[in-house]
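Novice: Below is a structure I'd like to ask you about.
Nothing in this text is a laboratory measurement; each read-out follows from the coordinates by a stated rule. Values in this document were obtained by computation on a predicted structure and should not be read as measured data. Quick reminder, even Gly has a Cβ in these numbers, built from the backbone with ideal geometry, and neighbours come from all protein chains shown.
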Amino acid sequence: MKNPGEGVDMNIGNRRKNWLSDFTIREYGINGVLIVILFLFGLYLSWKLSLFALFMYLASWAASYFVLYALTCRHCANYGKSCPVPLEGSCAPRFFSRGGDFGPMAGVGAVLAYFLRVCIPYVAILQMGSVLYFLLYTGLFAGFFYVLLYRTGCPNCTNVQCPFNPDFST
Ligand code: SF4
């Protein structure tokens, strides 16, 4: 029997690997490691800026989870399940009930959440004028999304309403 969307090829570069309704540590483990490193690197950069920036960074990260839960995760097929990023889809039901379709606002929520996570470190990098920190931090950020979007997350995901899903179709 065919899986939903099987045979459709409207993706933006992804290739279907699997259909996972629950992600295991094999898929989300590497994403977890990368996001912890990203968080700690951002923490260090914010601390270099000022103690106030450090506090704002921690507050921004905390706020980013609520933005994600409210606008993105509650509309996702991974709501309430272990998803490709630790502490995201699995934790959403603790704060928000399930929502409707995964529409454009879900994408806005994801962009806003990640903006909240990286904006203060980038202010710190600009303040320092460090090309090395810019390249390292941007490389880590891009690496996290490359692994999530093209390796561990999207190629295995059942949320076909998401434009990054291999079987997304308008
Ligand atoms: S397709 Fe990718 S970005 Fe979209 S919900 Fe699934 S894992 Fe997240």
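Novice: Work from the charge dipole of region 27-156 (Cβ charges, +1 for Lys and Arg, -1 for Asp and Glu, about the Cα centre) and give the residue of 142, 46, 129 farthest towards its positive end.
Specialist: Highest projection toward the positive end goes to 46.
Novice: Another question, if that's okay. At q = 0.13, 0.14 Å⁻¹, what log₁₀ I(q)/I(0) does a Debye calculation on the Cα points of the chain give, no solvent, two decimals?
Specialist: These q points yield log10 I(q)/I(0) values of -0.66, -0.76.
Novice: Where the only charges are on Cβ atoms (+1 Lys, Arg; -1 Asp, Glu), what is the dipole of region 27-156 about its Cα centre, to the nearest 20 debye?
Specialist: The dipole of region 27-156 has a size of about 140 debye.
Novice: In addition: Which ³J(HN,Hα) values, rounded to whole Hz and listed in residue order, are derived for region 65-72 from phi using the Karplus coefficients 6.51, -1.76 and 1.60 in 6.51 cos²θ - 1.76 cosθ + 1.60 with θ = phi - 60°, glycine and proline given as x?
Specialist: Each residue's phi maps through the Karplus curve to give 5, 5, 4, 4, 4, 6, 9, 10 Hz.
Novice: Working out 0.36 nm times the residue gap between residue 94 and residue 135, then minus their Cα-Cα distance, what length gain in nm do you get to one decimal?
Specialist: 11.1 nm
Novice: In what order do 55, 164, 134 fall by count of nearby beta-carbon atoms within 10 Å, going from fewest to most?
Specialist: Ranked by crowding around the Cβ, least crowded first: 55, 134, 164.
Novice: Another question about this same structure. In the neighborhood of residue 28, defined by Cβ-to-Cβ distances under 15 Å, what is the net charge if each Lys or Arg adds +1 and each Asp or Glu adds -1?
Specialist: The answer is +1.
Novice: Can you compute the helix-only [θ] at 222 nm over the chain? Use -39500 (n - 2.57) per DSSP H run of at least 4 residues, normalise by all residues, nearest 500 deg cm²/dmol.
Specialist: Mean residue ellipticity, 222 nm, calculated: -18000 deg cm²/dmol.
Novice: Oh, and also: Calculated FRET efficiency, residue 151 and residue 52, Cβ-Cβ r, R0 30 Å, to nearest 0.05?
Specialist: The pair residue 151/residue 52 has a calculated efficiency of 0.20.
Novice: Ranked highest first by the average count of other Cβ atoms within 10 Å around their residues, in what order do 93-103, 36-46, 71-81, 17-27 fall?
Specialist: Sorting 93-103, 36-46, 71-81, 17-27 by mean packing, highest first, produces 71-81, 36-46, 17-27, 93-103.
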